[in-house]
Amino acid sequence: MTETVVVFLYLSIVLYIGIFAFRRSRATGEDYFLASRSLGTFVFLFSLFGTNMTSVAILGSSGKAFDTGIGVYGLMASSSALVIPLTIFLIGTRVWAFGKRFAHMTPVAIFRDRWDAGHIGTVIFAVQALLLMPYIIVGVKGGGTTLNAISGDRVPEWLGGGLVALVVMSYVFFGGMRGTAWVNTFQTILFLSFGLVAIVVIGHGVGGFSATVERMLAESPHPATGGSPHGLAHLLSRERMSPATFFSYTLIPLSSIAFPHICIFCLTAKRLGSFRRTVILYPLCIMAIWLPCVYLGTIAASDPSIHSAVDASGNRDQVMLLLLRNNAPEWLAGILGAGIMAAVMASDSQILALSTMFTEDIFAYYGGKRVFGERIQVLTGRAFVVGATIGAYAIAMTTREKIFDIATSYAFTGYAALFPLMVAMAFWRRSTRWGALASTLVVAGGLAFIAYYQNAYPQPPLGAEPSVIWAAGGAPLLTRTSAGLAFLGGFLPVAPLLVLSALAMVVVSLLTRPPSPETIERYFPGPRSISSPRVEEPGGRDSGLSSRRM
Amino acid sequence: MNYNFRFAGESVPRPVPGSPDARTMKKFVLALLVIGLYAAHHDIWFWTAVRPLVFGFLPISLFYHASYTVAACLLMVALVKLAWPEDLSRWAEEDRRGPGGREGR
């Protein structure tokens, strides 16, 4: 009971922060959707990190580690620690600069301007919006699971998911980007503290980690594991993990900068200097949250009561909550549960991003802002927040797949495969709108292919041999594993899809006419000094002018 | 082709700091570091290893990846110190023509 009360108290604080932000707001689109591009270093770092960490970071990671072991850290966390800050450094800074200079508010707005792409931008919007929905669903579903587990089944999943969705919708509706950023900052501090406290409390509760690990290494097969001939020792190494799968997971973090909500967050920084500490501290923030969760998820496999509960519910994402319940006093489990809720409720910025994209890329682009004015544009954005949240809730309550798999199969894979668009936009002058369209359509087609085969072939049980869908000369080309589809004996779909998407961008761009020289000159100024006299060109555009091309 | 033959003992001119050659060299070294760190992620040498248990409870491959994360942080420090796109900031924030003080779309 105490745990439930603490979590409800946390939800009230979050709601208050969002409404407090409302009092600081101005009635402009740039203020509601981008907090007037005013976020300082501290809020920018924590809100960007908090936005990127969803229920996958705590619930999904520990659930997967429960099945797969410590390899999950290398699979998702340490690769993200290199790739995500690197993409923020290389591409996020350019997104910020393009947005600041040309007043863009969404990635599609940048694509449209950079490639002279009108309706092609609308196609990219549609694909991006469709891919963002599963990620929002992950948040809502995680909210329901978490509240249900924390309350000991007092709050059913449908009600928990509904309450979380309502709180998120309220502070996004009122506070816009400012409210979302402040709430994310508060949440990030909370769930970063979670890792440290959880590891100390649970370590004490299980009788010390050294003893537990030695027991796992020495123990004969545990009855609760179904009589596995390998016992639990395999969870402490990667002996059952395919190197091809491990490699392809390093491509997943490329999705981060291609996600519209991360891209839009890059536009909120007050100055470029705000990126410095974000880039440097990002890896450490990842370690602070992922290392305890993966380790504790692995250790949980040695607890027969957790095995029984997980087998009964079929929900691996409850592992961390069960560990807390078994090892922490009730009041502390409540505070730690609030930390989990903080990570779970990351769907706020995705809902806001979807709303920003709709109002900027569709409503404003097709004349709504010109006809109805900026006030109605903001109102439309708020109405969209309500609609998107209700839609995500309805889908979340009728889908039964595991959090990690939904997110990985569709959203992460799709956005990682859209990464070539970001690179071409930021660095490749010769890239064209047709190349961008081809790349986007390849990704959409690839995801439809994945969805079709995942549904057509039943999921094999965990640990069972994958079923072969296509084979050539006895070698499997395409298989259905318990985690999804795999190519060439272990590569995740993201690997071939990323290659195909990049090829489509390069080949089609080279075959089609490049953007106008004026457009290229605006985005990639010539090699004149930044301090040289400004040259005005016909049409009133300035040309200028960095000492280096960007 | 430009062949530069030098006799033993003859001094090789160093790139002047801030010159295009020095910048290219710096970018090349940083790119090598990034590629090297990415390659180091695939630690096949610890694939099946559990022992030694670092601090008595951390399997060696998990400790390796935790250390890898710290190395990624240090690499980011180097990138920020040595390759920060300062002129990008000036370019983005300089006065512009067009509506709202920004270059129009």
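The values are calculated or read from the model by the stated rules, or taken from the named source; none is laboratory data. Computed from a predicted structure; not experimentally measured. Backbone-built Cβ (ideal geometry, glycine too); neighbour counts: all protein chains shown.
For segment A:342-362, the set of residues classified as surrounded by 19 or more Cβ atoms within 10 Å (Cβ to Cβ) and farther than 16 Å from A:Thr51 by Cα consists of A:Met357, A:Phe358, A:Thr359, A:Glu360, A:Asp361, listed by residue number.
A:Val72 satisfies every condition listed in (1) crowded, with 24+ Cβ neighbours inside 10 Å; (2) within 11 Å of another protein chain (Cβ to nearest Cβ); (3) under 26 Å from A:Val172 (Cβ atoms) except (3). Answer yes or no: is there a residue in segment A:39-49 that is of a type outside the set (Val, Ile, Thr), surrounded by fewer than 24 Cβ atoms within 10 Å (Cβ to Cβ), modelled with pLDDT under 90 and out of contact with any strand residue (DSSP E or B) (no Cβ under 6 Å at 6 or more places or on another chain). No, segment A:39-49 contains no residue that is of a type outside the set (Val, Ile, Thr), surrounded by fewer than 24 Cβ atoms within 10 Å (Cβ to Cβ), modelled with pLDDT under 90 and out of contact with any strand residue (DSSP E or B) (no Cβ under 6 Å at 6 or more places or on another chain). Which of the residues spanning segment A:41-69 are of a type in the set (Gly, Ala, Ser) and out of contact with any Lys or Arg (no Cβ under 6 Å at 6 or more places or on another chain)? A:Ser47, A:Gly50, A:Ser55, A:Ala57, A:Gly60, A:Ser61, A:Ser62, A:Ala65, A:Gly69, listed by residue number. Picking from residues in segment A:273-296 that are more than 7 Å from chain B (Cβ to nearest Cβ), of a type outside the set (D, E, K, R) and farther than 30 Å from A:Leu323 by Cα, the one that is surrounded by the fewest Cβ atoms within 10 Å (Cβ to Cβ) is A:Gly273.
Hey, can you tell me all the residues within segment B:67-100 that are more than 7 Å from chain A (Cβ to nearest Cβ), modelled with pLDDT of 90 or more and farther than 13 Å from B:Lys26 by Cα? Passing the criteria: B:Ser67, B:Val70, B:Ala71, B:Leu74, B:Leu75. A:Pro134 satisfies every condition listed in (1) surrounded by fewer than 20 Cβ atoms within 10 Å (Cβ to Cβ); (2) within 20 Å of the chain's Cα centre (by Cα) except (1).
Within 27 Å of A:Phe246 (Cβ to Cβ) and hydroxyl-bearing (Ser, Thr, Tyr), is that true of A:Thr519?
Numbers: within 27 Å of A:Phe246 (Cβ to Cβ): no; hydroxyl-bearing (Ser, Thr, Tyr): yes.
No, not satisfied.
Please verify whether A:Thr398 is closer than 17 Å to A:Ile136 by Cβ, at pLDDT 85 or above and β-branched (Val, Ile, Thr), treating the condition exactly as stated. So A:Thr398 fails the test. Could you tell me whether segment A:259-270 includes any residue that is without any contact (Cβ under 8 Å) to a residue 40 or more places away in the chain and surrounded by fewer than 23 Cβ atoms within 10 Å (Cβ to Cβ)? Within segment A:259-270 (the criterion being without any contact (Cβ under 8 Å) to a residue 40 or more places away in the chain and surrounded by fewer than 23 Cβ atoms within 10 Å (Cβ to Cβ)), the answer is no, since none of the residues qualifies.
Contact map, segment B:37-54: residues that are closer than 11 Å to A:Phe247 by Cα paired with residues that are assigned to a loop (DSSP other than H, G, I, E, B), Cβ distance under 9 Å, separation 6+ or inter-chain. Pairs shown: B:Tyr38/A:Thr250; B:His41/A:Thr250; B:His42/A:Thr250. All told, A:Leu254 falls short of being under 21 Å from A:Ser47 (Cα atoms), within 11 Å of chain B (Cβ to nearest Cβ) and either in a helix (DSSP H, G or I) or touching a helix residue (DSSP H, G or I) at 6+ places or on another chain (Cβ under 6 Å) (or both). For segment A:375-394, a residue qualifies if it is within 19 Å of the chain's Cα centre (by Cα) and not small (Gly, Ala, Ser), and the qualifying residues are A:Val385, A:Thr389, A:Tyr393. Of all residues in segment A:19-45, those satisfying the criterion of being more than 20 Å from A:Met357 (Cα to Cα), assigned to a helix (DSSP H, G or I) and not charged (D, E, K, R) are A:Ile19, A:Phe20, A:Ala21, A:Phe22, A:Thr41, A:Phe42, A:Val43, A:Phe44, A:Leu45. The one condition from (1) surrounded by 24 or more Cβ atoms within 10 Å (Cβ to Cβ); (2) over 22 Å from the mean Cα position of the chain (by Cα); (3) modelled with pLDDT of 90 or more that A:Ile150 does not meet is (3).
Scanning segment A:329-387 for residues that are in contact (Cβ under 8 Å) with a residue 40 or more places away in the chain and of a type in the set (Lys, Arg) gives A:Lys369, A:Arg375, A:Arg382.
Residue-by-condition table, conditions (1) of a type in the set (A, V, I, L, M); (2) under 17 Å from A:Phe20 (Cα atoms); (3) more than 14 Å from every other protein chain (Cβ to nearest Cβ); (4) outside any helix (DSSP H, G or I):
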position	(1), (2), (3), (4)
A:Met169	yes, yes, yes, no
A:Thr180	no, yes, yes, no
A:Thr185	no, yes, yes, no
A:Ile189	yes, no, yes, no
A:Gly195	no, no, no, no
A:Val200	yes, no, no, no
A:His204	no, no, no, no
A:Ala211	yes, no, no, no
A:Arg215	no, no, no, no
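Within segment B:38-66, the set of residues being surrounded by fewer than 17 Cβ atoms within 10 Å (Cβ to Cβ), facing another protein chain (nearest Cβ under 8 Å) and within 19 Å of A:Tyr249 (Cβ to Cβ) comprises B:Tyr38, B:His42, B:Ile44, B:Trp47, B:Thr48.
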